[in-house]
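One structure is given here, and the rest of the page talks about it.
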Amino acid sequence: DYLNAIGGTHGGWLSTLVDVGGSLAIASHGLKTTGVSTDLSVSFLAPSGEGSNIVFDAQVLKLGRTLAYTRVDIFNNDKMIATGSHTKFIAREQERAAKDAKE
């Protein structure tokens, strides 16, 4: 269940969307695995609850040698209800991708 005790969308569930969304954005750049989280931050901007149509937009802000920085915006219909950033350590994943490209 994604609702909290007072019927709103649970903040932990929205935080999970930032985690998963950031990882999917990194994976879309060709990495088979997406590293480990070093930082995750979420700002809750508006309430939502039962019957909400939750969607998210995730993008990679920077994909470096060792770190990837992502931003995830979460909407209920067209209204932004949360925004988050997710940083991941990806050095090993970058090494694996470079090795796979040589093979």
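The values are calculated or read from the model by the stated rules, or taken from the named source; none is laboratory data. In this text the structure is predicted, and so the values were computed from the model without any measurement. No Cβ is skipped: glycine too gets one built from the backbone with ideal geometry, and neighbour counts run over all protein chains shown. Note: areas computed on protein heavy atoms with side chains; ligands, DNA, RNA excluded. Shrake-Rupley method; radii C 1.70, N 1.55, O 1.52, S 1.80 Å.
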FRET efficiency estimate (nearest 0.05) - Cβ-Cβ, Met80 to Lys102, R0 41 angstrom: 0.45
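What length, rounded to one decimal in nm, is gained on full extension from Val20 through to Thr38, with 0.36 nm per residue of separation minus their alpha-carbon distance?
Here the segment from Val20 to Thr38 would lengthen by 5.1 nm.
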Can you give the accessible area of Val20, probe radius 1.4 Å, in Å² rounded to 10? 70
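Hey, if we sort Arg71, Arg92, Arg65 by accessible area with the 1.4 Å probe, largest down, what's the order? Each step should come with its number before you reach the end.
Values: Arg71 95, Arg92 145, Arg65 195 Å².
The ordering from most to least exposed comes out as Arg65, Arg92, Arg71.
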log10 of Debye I(q)/I(0), alpha-carbon scatterers only, for the chain at 0.17, 0.19 Å⁻¹: -0.73, -0.85
A chain fully extended from Ile54 to Ile6 at 0.36 nm per residue, minus the present Cα-Cα distance, gains in nm 15.5 nm
Per residue of the chain, what 222 nm ellipticity follows from adding -39500 (n - 2.57) for every DSSP H run with n ≥ 4, rounded to the nearest 500? -9000 deg cm²/dmol
5 Å is the cut-off here: which amide hydrogens, built 1.01 Å from N in the peptide plane, fall below it relative to Leu61, excluding neighbours closer than 5 in sequence? Tyr69, Thr70, Arg71
Inter-label distance for Leu45 and Thr66, nm, one decimal - labels placed 7 Å from Cα along Cα-to-Cβ: 3.2
